[in-house]
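The values are calculated or read from the model by the stated rules, or taken from the named source; none is laboratory data. If you're wondering where the values come from, they're calculated on a predicted model, not measured in any experiment. Reconstructed Cβ throughout: ideal geometry from the backbone, glycine too, with neighbour counts over all protein chains shown. Accessible surface is based on the protein model in full, side chains and every heavy atom, while ligands, DNA and RNA are left aside. Shrake-Rupley method; radii C 1.70, N 1.55, O 1.52, S 1.80 Å.
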Amino acid sequence: MATFYVLPPRPFLGRCYATYLQTLFPGLTWDDAVCPDLADHLSSIAADRKDVYIVHREELPEDEDLARGLADGFGAEPGDEVIEVRPGRDAHRWRLGRAA
């Protein structure tokens with residue numbers, strides 16, 4: 001079974017990383033142009049793990065059910081775990097149900 005991490009959009013996530021990096025590298029500026037790259041780079045490290053898939057919100061249709069979007073766009077199957085990372089809230093974990 002696979003695990004799908006549904007993350008916030010790249011620009012938002014990248015700004016979160018940049019804010020943290022400024023605490024590690026005082027004086028360096030992490031502008032908005034590099035934020036999506038930060039998100040992609042760190043996401044790719046996580047996605048290198050077996051059966052882990054990273055999906056950013058902007059990759060999913062806005063008007064479609066999340067489960068359907070993951071199945072249609074990314075090959076998610078019944079039983080796969082979904083972890084939705086939601087800004088300012090706890091992550092929401094659930095499993096895909098049976099296909100209709």
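Yes or no, residue by residue, for (1) modelled with pLDDT of 95 or more; (2) within 16 Å of the chain's Cα centre (by Cα):
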| site | (1), (2) |
| --- | --- |
| VAL52 | yes, yes |
| GLY69 | yes, yes |
| GLY75 | yes, yes |
| ASP80 | yes, yes |
| GLU84 | yes, yes |
| ASP90 | no, yes |
| ALA100 | no, no |
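Looking at HIS41, is it touching a Lys or Arg at 6+ places or on another chain (Cβ under 8 Å) and either open to solvent by 70 Å² or more (accessible area, probe 1.4 Å) or more than 15 Å from VAL6 (Cβ to Cβ) (or both)? Walk me through it before giving the result.
Working: touching a Lys or Arg at 6+ places or on another chain (Cβ under 8 Å): no; either open to solvent by 70 Å² or more (accessible area, probe 1.4 Å) or more than 15 Å from VAL6 (Cβ to Cβ) (or both): yes.
Against the criterion (touching a Lys or Arg at 6+ places or on another chain (Cβ under 8 Å) and either open to solvent by 70 Å² or more (accessible area, probe 1.4 Å) or more than 15 Å from VAL6 (Cβ to Cβ) (or both)), HIS41 does not qualify.
Restricting attention to region 69-94, and to residues there that are acidic (Asp, Glu) and open to solvent by 70 Å² or more (accessible area, probe 1.4 Å), which single residue is nearest to TYR53 (Cα to Cα)?
First pass over region 69-94, keeping only residues acidic (Asp, Glu): 72, 77, 80-81, 84, 90.
After this cut, where a residue has to be open to solvent by 70 Å² or more (accessible area, probe 1.4 Å) as well, the list is 72, 77, 90.
Numbers: ASP72: 14, GLU77: 12, ASP90: 19 Å.
Within region 69-94, the match that is nearest to TYR53 (Cα to Cα) is GLU77.
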Self-check item: Residue list for region 30-84, filter: free of Cβ contacts under 8 Å to residues at least 60 places away in the same chain and of a type in the set (Phe, Trp, Tyr)
Solution: TRP30, TYR53
Exercise. Can you tell me which residue within region 1-38, out of those that are among the hydrophobic types (A, V, I, L, M, F, W, C) and touching a strand residue (DSSP E or B) at 6+ places or on another chain (Cβ under 7 Å), is most open to solvent (accessible area, probe 1.4 Å)?
Key: MET1
Quiz item: So is GLY14 modelled with pLDDT of 90 or more and over 22 Å from ILE83 (Cβ atoms) or not?
Solution: no
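Yes/no per residue for (1) closer than 21 Å to ALA39 by Cα; (2) out of contact with any strand residue (DSSP E or B) (no Cβ under 9 Å at 6 or more places or on another chain):
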| residue | (1), (2) |
| --- | --- |
| ARG57 | yes, no |
| ALA67 | no, no |
| PHE74 | yes, no |
| GLU81 | no, no |
| GLY88 | yes, yes |
| TRP94 | no, no |
| GLY97 | no, yes |
